[in-house]
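Heads up, the thing below is written out as structure tokens.
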Amino acid sequence: MLADLLEYDFLRQTFLTGLLIGIIAPLLGTFIVVRRLSLIADALSHVTLAGIAFGLFLEKKFAFMLLPPIYGGLLFSVMGSIFIEKLRSVYKAYQELAIPIILSGGVGLSVIFIALADGFNTELMNFLFGSASAVSKTDFITILIITIFVLVIITLFYKELFTLSFDEEHAKVSGIHSKQIHLLFIILTALVIAASIQIVGVLLVSSLMTLPVAASMRIAKGFKQMMLLAIVFGELAVMIGLISGYYLNIPPGGTIVVVAIIILLMTISYKRLQVTFKGAKA
Amino acid sequence: MNSIISLENISYSYEKKPILQQINFEIHKGAFVGLLGPNGGGKTTLIKIILGILNPDSGSLTLFDQPLEEFKSWNKIGFVSQKSNSFNKGFPASVYEVVSSGLTSKVGYFKFFNQEHKEKILYAINAVGMSDYTYENIGNLSGGQQQRVFIARALVSEPELLILDEPTVGIDYENVQRFYELLHDLNKQNGISLLLVTHDTGTMTKYATKIACLNKTLHFHGNPKEFENLSEKEMSKLYGHDVNIVSHNH
């Protein structure tokens with residue numbers, strides 16, 4: 001792949017895009033996991049699919065690309081995230097209800113738009129499982145802008161996000177605008193999911209946000225350390241997954257997730273060994 | 001004398017059931033107030049009203065000579081809750097990070113922690129005797145150590161008043177004694193006023209400058225000496241209310 005990387009533009013774009021989402025997906029994933037919102041990523045990825053299908057449907061209907069799939073996905077994902085927050089405030093005692101509502105709504109709309117766009121094709125397949133060749137120049141630039149935006153916002157609001165994630169009650173008492181910051185965070189999540197789908201696909205995007213975090217959680221001593229480790233694990237999974245997927249001719253979503261799971265298993269057994277070793281010493 | 005908290009005729013009910021009735025209560029600067037009372041007597045509700053989390057049905061509340069509606073300097077008040085309610089043990093954060101979160105709102109939006117803030121964080125960790133654990137994961141500490149960290153989090157913003165809601169629940173006897181010594185020092189040496197909600201009547205009378213007993217209404221409000229001299233009859237009046245509620249036959 002390395003030689004091909006220099007030769008083919010699209011491969012280079014895919015690789016660079018992979019590097020970008022390897023940063024932002026685990027970065028937001030860290031907050032998502034500690035706030036117990038892991039399933040929100042799944043709900044939003046299915047809404048993103050509806051947006052992509054809507055773009056493809058418009059393309060079919062008007063015979064030219066009115067709404068590039070990535071923008072359709074972004075639009076629906078962000079709308080979905082705002083809707084989730086609304087639902088969570090409607091069902092205060094059962095906030096997790098928002099997730100199946102949004103998830104099934106997303107799948108329902110996707111089915112309708114896919115049928116109207118005359119069914120399943122390779123392009124759609126790429127969005128479901130990820131693709132090493134589907135990243136266009138527009139996609140790359142859009143994802144680059146999203147990455148910069150996410151990094152700036154997270155840096156600016158890091159201390160508020162951490163305070164809120166650790167102890168929401170304490171944050172509220174000390175005067176932090178928890179509602180507004182939470183909404184901002186959910187919108188960022190929607191952006192990152194829509195961006196990541198190009199590479200990992202709808203069905204596997206949430207795993208790139210949660211698996212590296214699950215692994216780093218086992219060994220990190222602090223929150224920042226966990227975040228940095230999660231990004232390292234995320235990058236490893238994306239790089240190894242993209243390269244092996246390319247050579248084995250498998251959609252990268254699959255290989256990336258399998259690598260992430262291997263890393264997770266390794267950290268779990270590392271911790272086990274550490275505990276046994278300590279126990280033996282004592 | 002400077003009044004830090006002043007409650008006048010505060011009443012609060014939940015789903016038409018009265019929780020607090022006509023509470024008049026005052027805390028002066030430098031005081032160490034123990035708030036006692038049976039479970040369900042409204043202690044936590046009263047704290048939530050003082051912190052602006054709940055709105056009373058009637059009455060008025062003044063914080064640092066300002067009516068609650070106008071009060072903005074929440075940094076002057078530090079709060080330590082019952083740990084189990086708001087803390088997830090598996091959360092991967094170091095002691096330093098947890099304590100730093102106590103400065104978040106004081107530092108303000110769009111600003112970062114600078115050297116001075118970092119020193120304040122380390123100072124607060126040292127003040128509660130947790131320096132050896134600064135970069136340890138909070139989940140690995142004992143209950144008593146965790147509670148010290150939460151005190152440091154409340155102290156780091158240099159509050160004038162510290163409110164603690166049953167902070168010693170689940171902590172062994174020896175550590176509870178150390179904990180009270182720490183509060184005593186904070187009160188005497190650093191001049192921080194304290195409002196402590198507790199069941200721990202014995203220890204409380206040793207350290208507090210004032211005791212308040214709450215069971216829907218304020219039954220007693222005075223110094224610890226007077227409290228110790230309360231007759232058995234008066235004591236049963238205080239707690240008896242609660243006993244009646246739980247013992248009705250089905």
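The values are calculated or read from the model by the stated rules, or taken from the named source; none is laboratory data. Predicted, not measured: the structure shown is a model, and the values here were computed from it. For neighbour counting, all protein chains shown are included, and Cβ atoms are generated from backbone atoms with ideal geometry for every residue, glycine included.
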| said: Can you name every one of the helices (runs of 4 or more DSSP H) wholly within segment A:93-184 that holds 1 or more residues which are within 14 Å of chain B (Cβ to nearest Cβ), modelled with pLDDT under 95 and surrounded by fewer than 16 Cβ atoms within 10 Å (Cβ to Cβ)? | reply: A:168-173
| Among the helices (runs of 4 or more DSSP H) confined wholly to segment B:28-132, which include 1 or more residues that are at pLDDT 90 or above, surrounded by 15 or more Cβ atoms within 10 Å (Cβ to Cβ) and more than 9 Å from chain A (Cβ to nearest Cβ)? | B:43-50, B:95-100, B:115-127
| Are any residues in segment A:195-218 farther than 12 Å from A:Gly234 by Cα and within 14 Å of another protein chain (Cβ to nearest Cβ), and if so, which ones? | A:Met217, A:Arg218
| said: It is to be established whether one or more residues within segment A:53-66 are closer than 19 Å to A:Leu183 by Cβ and at pLDDT 85 or above. | reply: no
| remark: Considering segment B:65-116, residues that are under 18 Å from the mean Cα position of the chain (by Cα) and of a type in the set (Phe, Trp, Tyr), and then whichever is farthest from B:Gly129 (Cα to Cα), we arrive at B:Trp74
| query | Quick one: is A:Leu229 more than 14 Å from every other protein chain (Cβ to nearest Cβ) and within 19 Å of the chain's Cα centre (by Cα)? | reply | no
| query | Name the pairs whose Cβ atoms lie under 8 Å apart, with the first residue in segment A:110-124 and within 18 Å of A:Ala134 (Cβ to Cβ), the second at pLDDT below 90 and not in a helix (DSSP H, G or I), and 6 or more positions between them or separate chains? | reply | A:Ile114/A:Phe120; A:Glu123/A:Ala134
| message | With the structure loaded, tell me whether A:Ser81 is small (Gly, Ala, Ser), closer than 19 Å to A:Ile143 by Cα, buried (at least 18 other Cβ atoms within 10 Å of the Cβ) and in contact (Cβ under 8 Å) with a residue 40 or more places away in the chain or whether it fails that test. | response | yes
| field | Subset of segment B:128-158 (residues that are farther than 24 Å from B:Asp200 by Cα and touching a residue at least 24 places away in the same chain (Cβ under 8 Å)) | value | B:Met130, B:Tyr133, B:Thr134, B:Tyr135, B:Glu136, B:Asn137, B:Ile138, B:Gly139, B:Val156, B:Ser157, B:Glu158
| message | more than 14 Å from chain A (Cβ to nearest Cβ) and either modelled with pLDDT under 90 or in a loop (DSSP other than H, G, I, E, B) (or both): which single residue out of B:Ile151, B:Ile171 fits that description? | response | B:Ile171
